[in-house]
Every structure is written in C-alpha cells, then in structure tokens.
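To keep things clear, I will list the structure first and then write my remarks on it.
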Amino acid sequence: MSSLLDATLAVARAAATSGRSRRKTSSPTFRYTLDASVFVNAFNAHERGHSESLQILATIHQRGDPVIVPTLLVAEIASAVA
C-alpha cells in the first residue's frame, strides 16, 4: 500500500511543481486537468473507479503529458488519506 501511495503522491507532486513537459514519445501532446479526487480514488482500492483512476494516472505519467492541478493538491490528498 505504501508504494501505491508513494507513486500517487509522486505523480501529484510532479504535476503540481512541473512547469515543463516531460515528453517521452513523439505522439501528440494532451493536457489534462485533474482534481484531487482522482488521485485519492487511485489511492483507495475500495472506491468504485479505483482501477480506472490508477490507469489514467499511470498513462499520463508514462506519456509525460502536462497536468493542470489545483494549487492545494498535495494538501487535499494528505487531508483525504490521513
């Protein structure tokens, strides 16, 4: 469970602090806007839609597409999982 939390928070931190794209492929760039609830849902395996949230985060991370998130994303995630 700890590794899932670490991975989820790593994606959240990268999204919140990155000002540049980390493109790894030559395919078209997509830009995503994600709410903290997507990250929390990906962390909590008991919630409906967990696997879909986890998959979209993994895909975005793999592709290196830019993500727009709320300024308080990390605080919102920490509050939800505490």
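Numbers for the structure displayed
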{"item": "Separation of the Glu47 and Arg31 label points, Cα + 7 Å toward Cβ, nm", "result": "2.5"}
{"item": "Chain lengthening between Ala82 and Ile68 when straightened (0.36 nm per residue, less Cα-Cα)", "result": "2.7 nm"}
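We did not get these values from a lab; they are worked out from the coordinates using the rules stated. Keep in mind the model is a prediction, meaning the values are calculated, not measured. Virtual Cβ from ideal backbone geometry, glycine too; neighbours counted across all protein chains shown.
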